[in-house]
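Engineer: Encoded as C-alpha cells, here's the structure I'll be asking about.
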Amino acid sequence: MNAADPVAVGLVASFNRPGGNVTGATLLSAELVAKRTGILRELLPSVKKIAMLVNPTRPGIEAQKAQVQEAAQALGLALHILEASSERDIDAAFEAVVRQQDGALVVAPDALFLDRRVQIADLATRHRIPTMYELRNYVEAGGLISYGATALELYRQGGALTGQILMGKKPADLPVMQPTKFELVINMKTAKELGIEVPTSMQLLADEVIE
C-alpha cells in the first residue's frame, strides 16, 4: 500500500499501529503540496495568483486542498482550484488557467496526472504556465520543477516492509513508513523557454538540474 494519508482515507487505524492486514509507505502528499507552493513562490516572487490542479476522485484530496489553501493564504496568494478526472478535463483546466490569468500552477499528486505527464508538461510550456510537480518524472518529461520524496527511498521502504512480512511479522504490527529523503529537480531548458531566471541559490540547492 502506498497512499497520501492512509489514516484519512481509512486504510489504517494509525501510522504506528495500522491494524487490520495493511501497512505500507506514505508520500506525505498533503504536507508536501504546501511546501511546493512555497518553492514556487520563491521561484516566482512577483506572482499574485496561482492555480492548483486536482483530481476530485482521489481519496484524501480535501486534505491536500486545505493545505495548499492555507499555504497560499500565508504567502498572500490568490488560489484557484481546478478539477480534472480525464484527459479532456486536463486540456480544459489549462484553458481555465490562461483565462483566469493565473501566474503559476501546482499539480496535485495523482496517478492520472502522472500517466498524462507528457500532455501536462506540453500544455504548461505551450501556454507558458510555470508549473510545480510532485515527482521528477514530470520534469524529465519537460516539466519545469518538482519537489517530493525520492522514488528510490520509496522502493527501499517497500522492500524492507516486504522482507519483514516474509519473515513472519504481521502487517498490522508494522508502522506505516514515511519518507525522509526529498529531492528538488529543475529543468533549465523549460525555464529558458518560459523566460524564467532560476536563482543561483535554488540551482545550488537542487538535487538535479536538467539542462
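Quick note: the coordinates plus some simple rules give every number you see, no bench work behind them. Quantities reported herein were computed from a predicted structural model and do not represent experimental measurements. Note that each Cβ is placed from the backbone with ideal geometry, even for glycine, and that neighbours are counted across all protein chains shown.
Engineer: Sorting check: for 196-208, 67-79, 126-138, which peptide has the highest mean count of neighbouring beta carbons within 10 Å, and how do the rest follow?
Structural biologist: Averaged packing, sorted descending, gives the order 126-138, 67-79, 196-208.
Engineer: Going by amide H atoms built from the backbone, whose H comes under 5 Å of the H on Val106, apart from near neighbours?
Structural biologist: Ala51, Met52, Leu53, Met132
Engineer: In whole Hz, what ³J(HN,Hα) sequence does the stretch 78-90 give by Karplus (6.51, -1.76, 1.60; θ = phi - 60°), x for Gly and Pro?
Structural biologist: Couplings: 7, 10, 10, 9, 10, 10, 8, 10, 7, 4, 5, 5, 5 Hz.
Engineer: Pull up all non-local amide H partners of Glu83: gap of 5 or more, or a different chain, and H-to-H distance under 5 Å with H placed in the peptide plane.
Structural biologist: For Glu83, the qualifying residues are Val54.
Engineer: For Ala206, which sequence-distant residues (separation of 5 or more, or a different chain) have an amide H within less than 5 Å of its own amide H, given hydrogens modelled in the peptide plane?
Structural biologist: Distant-sequence amide H within range of Ala206: zero hits.
Engineer: Treating only the Cβ atoms of Lys and Arg (+1) and Asp and Glu (-1) as charged, compute the dipole magnitude of the stretch 84-148 about its Cα centre; round to the nearest 20 debye.
Structural biologist: 180
Engineer: Still on this model: Taking θ as phi - 60°, what are the ³J(HN,Hα) couplings along the stretch 119-128 by the Karplus curve (6.51, -1.76, 1.60), each to the nearest whole Hz, with x for Gly and Pro?
Structural biologist: Once θ is set to phi - 60°, the couplings for the stretch 119-128 become 4, 5, 5, 5, 5, 4, 6, 4, 8, 6 Hz.
Engineer: May I ask which residue of Leu53, Phe94, Ala72 lies farthest towards the positive end of the charge dipole of the stretch 24-113, with charges of +1 (Lys, Arg) and -1 (Asp, Glu) on Cβ and the Cα centre as origin?
Structural biologist: Farthest towards the positive pole: Ala72.
Engineer: Note the full-extension length gain between Glu70 and Lys169 as 0.36 nm times their separation in residues minus their Cα-Cα distance, in nm to one decimal.
Structural biologist: 31.7 nm
Engineer: Between Ile210 and Ala111, what length in nm is gained on full extension when 0.36 nm per residue of separation is reduced by their alpha carbon distance?
Structural biologist: Gain on stretching Ile210 to Ala111: 33.3 nm.
Engineer: For a Förster distance of 30 Å, can you work out the FRET efficiency between the beta-carbons of Met188 and Thr57, rounded to the nearest 0.05?
Structural biologist: 0.30
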